[in-house]
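Novice: My structure is below; once you've seen it, I'll send some questions.
The values are calculated or read from the model by the stated rules, or taken from the named source; none is laboratory data. All of these numbers come straight from a predicted model, not from anything done at the bench. Cβ coordinates were reconstructed from backbone atoms using ideal geometry, including for glycine residues, and neighbour counts include every protein chain displayed. Accessible surface areas use protein heavy atoms only, side chains included; no ligands, DNA or RNA. Shrake-Rupley method; radii C 1.70, N 1.55, O 1.52, S 1.80 Å.
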Amino acid sequence: MDLGIINGAATALHLVRRGIGRVVLVDKHLIASGGTGRSAAIIRQHYSNDELVKMVKRSVEVFHDFDDEIGGDCGFVNTGWAFFVPESVASGFERNVAMGQRLGVEVREIDHDALLAIEPRVAIDDVARIAYEPGSGYANPIQTTHAYVQAFVEAGGILRPLTSVTGVDASDSRVRGIRTDQGDIAAGIVVNAAGPWADRVAEWAGVRLPLDVTREEEIIFETAAQGGPPRLCFSDMAAAFYYRPHGPTQMLVGRGYPKAYETVSPDDYRAEVDVPFIEELKKLLARRWPCYRDAIAVNSYTGLYDVTPDWHPVLGDVDGLDGFYLCAGFSGHGFKIGPAIGELMAELICTGRIEELSLDRFRLERFERGAQLTAAYGGNRA
Ligand SMILES: Cc1cc2nc3c(=O)[nH]c(=O)nc-3n(C[C@H](O)[C@H](O)[C@H](O)COP(=O)(O)OP(=O)(O)OC[C@H]3O[C@@H](n4cnc5c(N)ncnc54)[C@H](O)[C@@H]3O)c2cc1C
């Protein structure tokens with residue numbers, strides 16, 4: 001039994017492919033109608049620890065070769081990705097670029113002229129350092145998730161959409177199944193990939209998962225009259241926002257770290273973006289991209305991050321409750337690493353260990369041991 005969406009669906013598919021037996025994917029909504037469907041879905045490989053770099057590197061391979069590996073179309077566009085940072089984080093930036101190179105990621109530091117040769121319309125006088133990953137880009141989060149779910153069903157998995165989990169059955173330190181509004185499902189293994197609701201599901205199993213939920217806003221601008229969207233995906237830590245093409249004529253823009261995060265309840269938050277947010281983004285955009293000064297906002301929406309105390313996901317089994325696995329707390333990273341997460345979780349569940357990469361540092365118990373993961377930057381810029 002598995003619940004969750006990009007990460008739940010990817011785990012469910014790989015569990016079925018490994019022949020574990022009956023796998024049920026349960027979601028209270030329609031597929032990708034919630035968190036994953038709101039994702040900016042930028043795929044970059046710049047991270048602060050070996051495990052995440054390996055996860056995202058493997059995921060990039062899957063995005064490039066999606067039809068062969070998973071089946072169907074994930075809408076991946078290999079634009080390349082550039083990262084703008086201020087001088088204040090230069091040492092962490094150098095460390096991360098070197099780590100990516102050591103682990104085989106195609107990444108290099110480039111100077112202003114090299115960036116402007118790729119995208120001449122951007123004003124980058126205040127940017128200190130630039131990393132460039134030619135193999136990165138963005139995908140369509142809804143198409144990607146549907147492709148995983150379709151592959152899961154074709155491989156023999158059982159999909160239960162519009163089914164709310166209301167409880168977890170456990171006795172004698174073992175998980176026994178779940179309760180739903182459509183009846184009980186017996187299961188010796190339960191994977192909690194419930195995103196912003198994962199702490200609640202964990203609580204039903206008697207497990208305390210520390211999670212904050214933050215409200216994130218995004219805007220789509222029409223850019224046909226301005227010569228089209230940016231040529232690359234960008235994470236702009238120098239001005240604390242991100243932007244990427246959104247199809248052939250539009251661009252997607254959102255605010256990234258450093259910024260104030262707004263903690264909300266996943267069941268009760270403002271779905272509309274705030275007017276001051278639109279005004280702030282327009283100002284940031286006009287400064288960084290003078291060509292988009294008059295670009296018109298054509299859509300806007302909000303989504304949720306599920307945030308753990310160290311901004312890294314909680315992955316793996318938990319002490320004291322056999323058969324219960326956590327796969328949540330992805331904040332702003334959960335889409336791009338989803339393909340690898342599915343493979344790793346399935347391998348861990350089926351074999352008890354992972355050959356290539358240990359998830360031990362991501363277990364829940366790290367918070368009790370004071371062994372939180374660290375990052376070169378902060379917030380969603382892990
Ligand atoms: C605005 C925004 C921008 C982002 N940008 C990026 C980006 O550029 N790159 C990137 O890699 N990541 C990005 N992310 C993060 C990424 O989208 C998420 O980490 C990822 O989609 C989380 O997927 P998930 O499967 O873990 O959780 P979710 O997609 O949240 O799925 C959890 C599912 O659990 C279901 N559920 C919850 N409770 C129950 C219950 N009781 N019963 C049944 N079902 C239940 C929900 O319906 C939901 O469908 C962004 C996120 C947001 C909000």
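Novice: May I ask you to give the percent of accessible area on the chain that is carbon plus sulfur, with a probe radius of 1.4 Å?
Specialist: Values: 7060 of 15120 Å².
Percent of accessible area from carbon and sulfur atoms in the chain: 47.
Novice: Right, something else. Put a dot 7 Å past each Cα toward the Cβ at Arg231 and Glu109; how far apart are the dots in nm?
Specialist: Taking the simple label geometry, Glu109 and Arg231 are separated by 2.3 nm.
Novice: Same structure, new question: For the chain, give me the percentage of DSSP beta bridges that are antiparallel, rounded to the nearest 5 percent.
Specialist: Numbers: 54 of 70 bridges.
Counting DSSP beta bridges with both partners in the chain, the antiparallel share is about 75 percent.
Novice: Cross-link candidates for Lys283: which lysines have Cα within less than 29 Å, leaving aside residues fewer than 8 places away along the same chain?
Specialist: Excluding near neighbours in sequence, the set is Lys259, Lys336.
Novice: Could I ask something else about it? Shape verdict for the range 37-77, please, from the Cα gyration tensor: rounded (a/c under 1.5), prolate (a/b greater than b/c) or oblate. Before the final figure, lay out the partial values.
Specialist: Numbers: a/c = 2.81, a/b = 1.46, b/c = 1.92.
Note, shape of the range 37-77 comes out oblate.
Novice: So, one more: Tell me, what is the per residue accessible area of the chain in Å², probe radius 1.4 Å? Let's see the in-between values first.
Specialist: Values: 15120 Å² over 382 residues.
Accessible surface, normalised per residue, equals 40 Å².
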